[in-house]
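Take a look at the structure below.
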Amino acid sequence: MNPFYRRIYRVVRHIPKGRVATYGVVARLAGRPGAARTVGWALSALPDEGDVPWWRVVNAAGRISLSPHDHAAGTYGWPVQAYDSVAAPAHTRAASSRRSRRLKGLRT
């Protein structure tokens, strides 16, 4: 295994739960500032059953970078329809509450 990849994996294993680091920060901590893309390559080369928490490494925009060939997000993602069913009741309650307050103001 590539010695730099080993250093990258060691750094990523040390990112605490609930925290993230960018590819650039991982590269710097592994001893090669400016090698953010290599960090990405190293993480994409991980076996599925590995112990390296790759999801704690994010891009400069603060997002996990997935390859276009990775369909896990589609498989394990929460369906869009669920967002509507969860958000709708809260939105409806808020709207009806505002409507009630307006109507009370008109009645007095």
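The values are calculated or read from the model by the stated rules, or taken from the named source; none is laboratory data. Just so it is clear, the structure is predicted and the values come from calculations on it, not from any experiment. Because the Cβ atoms are built from the backbone with ideal geometry, glycine has one as well, and the counts that use them run over all protein chains shown. The protein model used for the area step is the full one, side chains on, heavy atoms only, and it has no ligands, DNA or RNA in it. Shrake-Rupley method; radii C 1.70, N 1.55, O 1.52, S 1.80 Å.
Observations on the structure shown:
- Distance between the pseudo-spin-label points of TRP41 and VAL20 (7 Å out from Cα toward the beta carbon): 2.4 nm.
- Chymotrypsin sites (Phe, Trp or Tyr not before Pro) within the stretch 2-35: DSSP coil, no more than 14 neighbouring Cβ in 10 Å: none
- Surface composition of the stretch 1-46: carbon plus sulfur atoms hold 53% of the accessible area, using a 1.4 angstrom probe and ignoring ligands, DNA and RNA.
- Across the stretch 15-43, the residues whose backbone nitrogen lies under 17 Å from the label position 7 Å along the beta-carbon direction of ASN2 are 23-43.
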